[in-house]
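K.L.:
This is the structure, below, for whatever I ask next.
None of the figures in this text is laboratory data; all of them are computed from the coordinates on show. Small disclaimer: the values here were computed from a predicted structure and weren't measured. Glycine also receives a Cβ, built like all others from the backbone with ideal geometry; neighbour counts cover every protein chain displayed.
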Amino acid sequence: MFRYMFNKMLLTLKKRYDYDIRYQQDILNADLGAYSKFMGFQMMASHSGNLPTEVLYAARIRAIIWDDCGPCTQLVVDMALEAKVNPDMVRAIIDRDFSKVPDNVAMVMQFTEFVLAHNPEADDLRDRILALWGQRGLITLGFSISSYRVYPALKYSLGYGTACSKVQVNDASLAPGRGPDAAIGAQHG
């Protein structure tokens, strides 16, 4: 019964966003307990707290692009558009065009990349985020940045990673990529 209900939800997701749900169906069919935990994780990923929608999606889009340049990114872009984030702003977030977004969105884009690169410059931006949205806003950004990276990692782990592809924002076709300055100060080993 639970498998049937969860699969119906997945089929709705597939139809709504034209998204490949096979990796989630594999989890569901192999281990209902594991899929239940995945559903719990999705509650964390969907947390929006007290942040403006465009700020929330700036973090989500930049975080997903860090690890994916294909279907997962397209899904998050489609969700941002569905949430009424201006398509021009979505394009600017994908393109890392800081001059075409409000200051708070540009700050969150940069903060997201600094966090992912383990760049200590994130500390100064964290203070500004706390001043704007408080601890609740910072937690929401932390949830977005960390959780949106899980989807591509899980898909690649299960053999569903795909090659890079262009992301569609209405009539525009964009090639997402990490910024050249994001890794400055990174502590990768």
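K.L.:
For a label point 7 angstrom out from the Cα of A175 toward its Cβ, which stretches of segment 61-83 have the backbone nitrogen within less than 18 Å?
P.N.:
65-71, 73-74
K.L.:
Continuing with this model, one more query. What is segment 1-78's relative contact order, in percent, from Cα pairs under 8 angstrom and six or more apart in sequence?
P.N.:
Reported as a whole number, the value is 25 percent.
K.L.:
Let me ask something additional. Treating the beta-carbon of each Lys and Arg as +1 and of each Asp and Glu as -1, no other charges, what is the dipole magnitude of segment 1-141 about its Cα centre, to the nearest 20 debye?
P.N.:
It comes to approximately 640 debye.
K.L.:
For segment 18-140, what relative contact order do you get, as a whole percent, if you take Cα pairs closer than 8 Å and at least 6 residues apart?
P.N.:
27 percent
K.L.:
Applying 1/(1 + (r/R0)^6) with R0 = 30 Å to the Cβ-Cβ distance of N50 and L81, what FRET efficiency is obtained, to the nearest 0.05?
P.N.:
Working from the Cβ atoms, E equals 0.85.
K.L.:
For segment 18-45 and segment 88-102, what is the separation of their Cα centres, given in Å?
P.N.:
That distance is 31 Å.
K.L.:
Between D26 and L130, what is the FRET efficiency for a Förster distance of 30 Å, r being their Cβ-Cβ separation, to the nearest 0.05?
P.N.:
Once rounded, the FRET efficiency stands at 0.15.
K.L.:
Give me the Kirkwood hydrodynamic radius of segment 1-45 in Å, from all C-alpha pairs, to one decimal place?
P.N.:
Computed over segment 1-45, the radius equals 10.7 Å.
K.L.:
With a/c under 1.5 counting as rounded, go ahead and sort segment 56-159 into rounded, prolate or oblate using the C-alpha gyration tensor (a ≥ b ≥ c being the square roots of the eigenvalues; past the cut-off, prolate if a/b is larger than b/c, else oblate).
P.N.:
oblate
K.L.:
Using the scaling law 2.2 N^0.38 Å as the reference, what is the normalised Cα Rg of the chain?
P.N.:
Compactness ratio reported: 1.03.
K.L.:
Shifting gears a bit: List, in order, the whole-Hz ³J(HN,Hα) value for each residue of segment 131-140 obtained from phi through the Karplus relation with A = 6.51, B = -1.76, C = 1.60 and θ = phi - 60°; use x for Gly and Pro.
P.N.:
5, 7, 10, x, 4, 4, x, 5, 4, 4
K.L.:
Sticking with this one: Within straight cross-link reach of K15, meaning Cα distance under 27 Å, which lysines are found once same-chain residues fewer than 8 apart are removed?
P.N.:
Result set, ordered by chain and number: K37, K84, K155, K166.
K.L.:
Also, quick follow-up: Taking only DSSP H segments of four or more residues, each worth -39500 (n - 2.57), what value at 222 nm results for the chain once the sum is divided by all its residues, to the nearest 500 deg cm²/dmol?
P.N.:
-21000 deg cm²/dmol
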